[in-house]
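Trainee: Okay, here's the structure, questions in a sec.
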Amino acid sequence: MSEAVKKDQPKVSVPTVTFSLDGQSVTVPKGTTVLQAAKDVGIHIPTFCWHPQLKSVGACRMCYVEVEKMPKLMVSCMLDAMDGMVVQTDSDQVRQGRKAVLEFILLNHPLDCPTCDKGGECDLQNLTFKHGVDDNRFDFKKARFKEESMTTTFDDKKIGPEIVLNRNRCILCYKCVRANKEAFGEYDLGAFERGNITQIDAVPGGEVCNPFSGNLVEICPVGALTNSDWRYKIRVWLTKTTPSLCNFNSSGSNIDFYKEDHQNKIFRVTSRTNDSIDDGWISDITRYGYQVINSADRLQKPLIKKDGKQVEVSWDEAINFIAKKYNDIKESVGRVCIGGLISPSLDNRSLYSFSKMIRTVCKSNNIDFRGDYRMLPNNPDSPFGVLRSQPFSIAEIDDSDVIVSFGSDLIHEHPNEYLRIRKAFNYTQPKIYSMMPYSVKSADVANIEYVYTPGTDETAINAICLAGIEENVVDASMATEYIKHVVPSTLKDASALCGLDEAELKILARSIAEGKKITFLVGEIVTRSKARDIITAALLNMNKLFGLSSKGQISILARYANSKGAEKLGILPDPIAPIKEALKNDFEEYPESEPRNTDGMMAHIRKEEIKGLFIVGSNPMMLYPDKEFIKESLDKLDFLVVCDLFETETTEAADVVLPLAGWAEYDGDYVNLEGVCQSAKQAVKPAGESKAAYEIVRLIAEKLEHKTFDVESIDKGVEACLAIDTTIKLPNEFLDIKAESEDVTGEFSHPIFIIDDAHHCGHLTEKAPSLNNFTAEAYLMMSEELAAKNNMQENDPVRVESEVSKLILPVKISESLDSDVLLIPRNFQSSPVTSLCMRKRRIDRVKISKVDE
Amino acid sequence: MILTEDSIAKIKAKAVRYPRKKSAILPAWTVAYRQIGHVDEAIYKEISKVIGVPMVEIAEAATFYTMFPKKPRGKYLLQVCNNISCALRGSDSMITHLENKLDIKLGETTDDNQFSLIAVECLGACATAPMVQVNMEYHENLDATKLDKLIDDLKAKKD
């Protein structure tokens, strides 16, 4: 898929050097360190402080090598390979040197391996055994840190919600501090004091609670940093690993589950480095999200609503009940009028069999996977669908010279891609621009951050184009043509309307026009906007005007673990023609009925034209941005079946609730935002009597219409669909763009955006205790100025009122926000923020007032 | 804000001299130290805002450099040189004398926050040893009597 992007790349000849490494001749590009060269040819050099994604510092001295004609041992991580060098990595002198280094490192090390959670996978332990240091010449008392509150000799210092530090075990490799600052851009951990009392610690008065903090524990070469979910629970050699994927982001971060079979329990998650996707860093959601699977609140058995109360029943009874209701509806109406809503975090097999059930058993096109977006287009070739289908590659970010992020709060939506952009920022220094309706932390890597007036997204894009035209950096005839299609048509008007600076816009336009390889990524602000089609039309115009896609990539990023897969498998009311064709071939039939998406289904439920609904893994009651609309709709239903891991607001409304297995409990394939299909293996047995979605679908479908829903035939269908290129051709013409404005009614003046918290995603992560240790309740995030203006302090309760509803939330003051925009996370059931929204609004607005004690 | 507008202006004027923002940390402290007499968490935060460097970097550097006091000190900081020349000329007994007179130990501050006593390395006044630096002033060729007079004068001084 990245073929289109990779074309016309001239092969640059890099100067190389050739040197001798343990007798073999090695040729590497100039500037490669000896350590890296050795790793490349498979020679192992031990290290503590070196990390492939960080700049070398040579702090631990463990990677000593002997170089001919150099008087002393050299640290190979800091030594650039040079022509004619003769390097020995395992000579007597080298071994002696490493042994001495270890002796030094062990001077103050407590050697409390039997009680240390790192034991068994500790670099220091392994290297000490390997290099045979069995005695210590240091006769004096070891230097000791002791946390005052501790009664034992351990120095257990809690430096973050999930991280415990033991300063005595720390060997001061500074890997955690460097990763935190360099790779994550976070400044909540530091190295303090000097000499014998040098120590790692959280920033004074703060704690280590950034969204990537779990990585610090993973890269610690000793047991100095441990995370509370793993501490004292199990020894590493008693666990087995299962390769899997993150279910909470769309990049499909590769992970390993550490599980224990007898307890049928997952104990932790570590990254499984896949440089093309995640560089070995995973966000905390990915790391602690597995606790959802272990939760004691999981649904164990099917539930049926009897006399208004849901009671536990057997699977047989539940399935028979569904069949009975299904036939009742069919008989009373004379046709099947049932819809289906499924979560885009489920695997391909589940998605496809669900689509097969809705299309062949229920004979309807009432199917969607987007249960948390308002007013989506029905047709897949709308401008939104076109831009969404464009290919995107994470690795291409690395050598892009211009990176633009439009409408994406990267850290909250695409943490992996943020780290990737940050890596480019550290190494290749591309021009980075961020455009958002409010200011975000991820813009810390941006050369310029553009904050436009909320609700003027298309004008902001139009303004870039007009700036390009004024700067004469685009084709003149195209420019004349372009201007005919847009209102406003001068840079002055457009920039005034969206509140951006003309000179800054010109810089951006020039960069896009002159960039050799561009990455332009579009995020959730656009996907979630009711005006997504107008905004994407503006983006398509810009793409055409600047010829952007011919020299890079532009795409709207998928948000959930398998959103891309759901699109490719046609889990849409009206999939694109080739997919429809494939489905027809596989199903041997295809419903003629009118296609209806989430909004359409709800509207028809209200008109009583749809009587029954299957919901699998989705929680529209909590996540759809108009709670009242969904609630009223679901109440009208004759029959609602909901499958989920937990009791949710949606399951409460259901007639039948079926327990769903989590992604760690069965084998499944997921398509990430690049369109790459990856596998997650089963780590543990499903909780209680829960079943994978595809099994539930099979049980129901076979009961209802006796169709074949066996795994083999489903997999064949999936394979056929995934083989189809779903990229939709970009339009040849400019599209008409007329800026859409919404009146701001005086009283409700503050725009709100519903976000995902940096430690939560969707409705499930609330059940992960570790993630709740970071954030356990919803908040109202506002800028410092706004808080000061309203005389509000951190954690003050504030009444948030929209035209339709009100909520009371504690204030959280944001360091990055600087306008009157308010942000509220949607991840907490106790604070239903979507109740503030109305589906027909483009920007939801509220007023705020302090709650008096 | 603890920093005065004057101090902030001075810090900003110094900060623009450096191509890297981080380099302005030490000069910024010097200004803060002159104004306040010590640096602590609250000051790190303010300096962080003024020069645009994350607070942790400022705190890291601050704890590395031991000569920036982290706690408030008395109005007069008595810095007794304890290096070889002064030591030969009796600086040890001067320290004991001051400890007894002020009823504090080396490194401590009197209860009325008037005097802090510390020992320092060579201040380059070997020819006139022993010596004490009081805030920014040198007092040389000292003996017990002169010291007593110095302290009494400081105590009597009104401003």
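Trainee: On a straight-distance basis, which lysines could pair with residue A:99 in a cross-link, Cα separation under 17 angstrom, same-chain partners fewer than 8 positions away excluded?
Mentor: A:72, A:130
Trainee: Let me check I have the definition right: for region A:500-594, take the eigenvalues of the Cα gyration tensor, multiply each by 5, take square roots. What are those semi-axes in whole Å, largest first?
Mentor: Calculated on Cα positions only, the semi-axes equal 35, 15, 12 Å.
Trainee: List the relative contact order of chain A as a percent without decimals, with contacts defined as Cα pairs under 8 Å and 6+ residues apart.
Mentor: 13
Trainee: Follow-up question, since we're still on this one. Could you grab the relative contact order for region B:76-156? Cα pairs under 8 Å, six or more apart, rounded to a whole percent.
Mentor: About 36 percent, as a whole number.
Trainee: Based on the alpha carbons, how large is the Rg to Rh ratio for region A:742-850 when Rh follows Kirkwood?
Mentor: Radius of gyration relative to Kirkwood radius: 0.96.
Trainee: Ratio of alpha-carbon Rg to the 2.2 N^0.38 Å globular estimate for chain B, to two decimals, please. Don't jump to the answer; show the numbers that get you there.
Mentor: Details: Rg = 17.8 Å, N = 159, 2.2 N^0.38 = 15.1 Å.
Expressed relative to 2.2 N^0.38 Å, the Cα Rg reads 1.18.
Trainee: Quote the FRET efficiency, to the nearest 0.05, computed for residue A:429 versus residue A:158 with a Förster distance R0 of 41 Å and r equal to the Cβ-Cβ distance.
Mentor: The formula returns an efficiency of 0.65 here.
Trainee: Please give the FRET efficiency for residue A:82 paired with residue A:142, using the beta carbon to beta carbon distance and R0 = 30 Å, rounded to the nearest 0.05.
Mentor: Details: r = 41 Å, r/R0 = 1.36.
The formula returns an efficiency of 0.15 here.
Trainee: Treating cross-link reach as a plain straight distance, find the lysines whose alpha-carbon is under 22 Å from the alpha-carbon of residue A:259, omitting any fewer than eight places away in the same chain.
Mentor: A:118, A:233, A:240, A:681, A:685, A:691, A:767
Trainee: Still on this structure, please answer the following. Which semi-axis lengths, in whole Å and largest first, follow from the square roots of five times the eigenvalues of the Cα gyration tensor of region B:5-62?
Mentor: On the way: eigenvalues 44, 39, 16 Å².
Equivalent-ellipsoid dimensions as semi-axes: 15, 14, 9 Å.
Trainee: Follow-up question, since we're still on this one. Distance between Cα centroids, region A:682-707 to region A:785-827: provide it in whole Å.
Mentor: One Cα centre to the other: 43 Å.
Trainee: In degrees from 0 to 90, rounded to the nearest 10, what is the angle of the helix A:577-587 Cα long axis to the longest principal axis of chain A?
Mentor: 80
Trainee: How far apart, in nanometres, would the label points at residue A:830 and residue B:33 be if each is projected 7 angstrom from Cα along the Cα-to-Cβ direction?
Mentor: 4.8
Trainee: Please tell me the relative contact order of region A:742-850 in percent, rounded to the nearest whole number, where contacts are Cα pairs under 8 Å and at least six residues apart.
Mentor: Working: 218 pairs, mean separation 44.2, N = 109.
Value for region A:742-850: 41 percent.
Trainee: Further question on the same structure: As a quick test, which of the pairs A:39/B:22; B:75/B:101; B:22/B:70 have an alpha carbon distance above 23 angstrom in this structure?
Mentor: Values: A:39/B:22 34 Å; B:75/B:101 17 Å; B:22/B:70 20 Å.
From A:39/B:22; B:75/B:101; B:22/B:70, over 23 Å: A:39/B:22.
Trainee: Below 11 angstrom from the Cβ of residue A:830, what's the summed charge of the other residues (Lys, Arg +1; Asp, Glu -1)?
Mentor: Taking every other residue near residue A:830 into account, the sum is -3.
Trainee: May I have the pair-distance distribution P(r) for region B:76-156, computed from all Cα-Cα distances with 5 Å bins from 0 and rounded to whole percent?
Mentor: Pairs per bin, as whole percents: 3, 17, 31, 28, 15, 4, 1.
Trainee: In whole angstrom, and with the biggest value first, how far do the Cα coordinates of region A:123-294 range along each principal axis?
Mentor: Largest first, region A:123-294 extends 51, 36, 33 Å along its Cα principal axes.
Trainee: Would you please classify the overall shape of region A:267-307 from the alpha carbon gyration tensor, given that a ≥ b ≥ c denote the square roots of the eigenvalues, rounded means a/c under 1.5, and beyond that prolate means a/b larger than b/c while oblate covers the rest? Before the final figure, lay out each step's value.
Mentor: On the way: a/c = 4.66, a/b = 3.22, b/c = 1.45.
Here region A:267-307 falls in the prolate category.
Trainee: How far is it, in nm, from the label point at residue A:784 to the one at residue A:577 when both lie 7 Å from their Cα along the line to the Cβ?
Mentor: With each label point 7 Å from Cα toward Cβ, the separation is 5.7 nm.
Trainee: While we're looking at this one, here's another question. Of A:492/A:840; B:12/B:49; A:265/A:703; A:55/B:49; A:580/A:636; A:330/A:607, which ones are farther than 22 Å apart at the Cα?
Mentor: As for pairs spanning more than 22 Å Cα to Cα, those are A:492/A:840; A:265/A:703; A:55/B:49; A:580/A:636.
Trainee: For region A:618-770, what is the convex hull volume of its Cα atoms per residue in Å³?
Mentor: 240
Trainee: Let's test the formula: R0 of 41 Å, r as the Cβ-Cβ distance of residue B:128 and residue B:70. What FRET efficiency results, to the nearest 0.05?
Mentor: Details: r = 31 Å, r/R0 = 0.76.
That pair, residue B:128 with residue B:70, gives E of 0.85.
Trainee: How large is ³J(HN,Hα), in whole Hz, for each residue of region A:753-769 in order, when computed from phi with the Karplus curve 6.51 cos²θ - 1.76 cosθ + 1.60 and θ = phi - 60°, using x for Gly and Pro?
Mentor: 10, 8, 10, 9, 5, 5, 10, 9, 8, x, 9, 8, 5, 4, 8, 9, x
Trainee: Which value in Å is the Kirkwood Rh of region A:518-659 over different Cα pairs?
Mentor: 17.8
Trainee: Roughly what percent of Cα-Cα pairs across the protein assembly as shown reach past 57 Å? List each step's numbers first, then the result.
Mentor: Details: 109957 of 511566 pairs.
In whole percent, the long-distance tail amounts to 21.
Trainee: Given region A:3-105 reduced to its alpha-carbon atoms as identical point scatterers, what log10 I(q)/I(0) does the Debye formula return at q = 0.12, 0.20, 0.24 Å⁻¹?
Mentor: -0.43, -0.99, -1.33
Trainee: Same structure, new question: Net charge within 13 Å of residue A:785 by Cβ-Cβ distance, Lys/Arg positive one each and Asp/Glu negative one each, not counting residue A:785 itself?
Mentor: Neighbour charge sum, excluding residue A:785 itself: -3.
Trainee: Please report, to one decimal in angstroms, the Kirkwood hydrodynamic radius of region A:134-196 built from all distinct Cα-Cα pairs.
Mentor: Computed over region A:134-196, the radius equals 13.9 Å.
Trainee: Hey, another quick one. Stokes-Einstein D for region A:94-220 at 4 °C, 1.567 mPa s, Kirkwood Rh over Cα pairs, in µm²/s?
Mentor: 82
Trainee: Using only Cα atoms, tell me the angle between helix A:415-427 and the longest principal axis of chain A; keep it within 0 to 90° and round to the nearest 10.
Mentor: Approximately 40 degrees, to the nearest ten.
Trainee: Something else about it: For the pair residue A:808 and residue A:729, how long in nm is the line joining their label points, each one 7 Å along Cα→Cβ?
Mentor: Taking the simple label geometry, residue A:808 and residue A:729 are separated by 6.0 nm.
Trainee: Hey, for a label at residue A:55 modelled as a point 7 Å past Cα toward Cβ, could you say which residues of region A:397-425 have their backbone N under 16 Å away?
Mentor: A:422-425
Trainee: Between residue A:852 and residue A:115, what is 0.36 nm times their sequence separation minus the Cα-Cα distance? Round to one decimal in nm. Please list the in-between numbers first.
Mentor: On the way: separation 737, 0.36 × 737 = 265.32 nm, distance 5.08 nm.
Once the chain is fully extended between residue A:852 and residue A:115, it gains 260.2 nm.
Trainee: Where does the longest stretch of chain A lie that holds no chymotrypsin sites (Phe, Trp or Tyr not before Pro) found in a DSSP loop with 10 or fewer other Cβ atoms within 10 Å?
Mentor: Here the longest run is A:233-853.
Trainee: Counting helices only, and only those DSSP H runs with n ≥ 4, report the 222 nm mean residue ellipticity of the protein assembly as shown as the sum of -39,500 (n - 2.57) divided by its residues, in deg cm²/dmol to the nearest 500. If you can, show how the numbers build up before the last one.
Mentor: Working: 36 runs with 324 residues, N = 1012.
The helix contribution divided over the protein assembly as shown gives -9000 deg cm²/dmol.
Trainee: Calculate how steeply helix A:627-636 sits against the longest principal axis of the alpha-carbon atoms of chain A, using the helix alpha-carbon long axis, and give the answer as 0 to 90 degrees to the nearest 10.
Mentor: Between helix and principal axis, roughly 50 degrees.
Each reported figure results from applying straightforward, stated rules to the coordinates on display, with no laboratory input. Keep in mind it's a predicted model, so treat the numbers as computed, not measured. Positions of Cβ are backbone-derived with ideal geometry, glycine not excepted, and every protein chain shown enters the neighbour counts.
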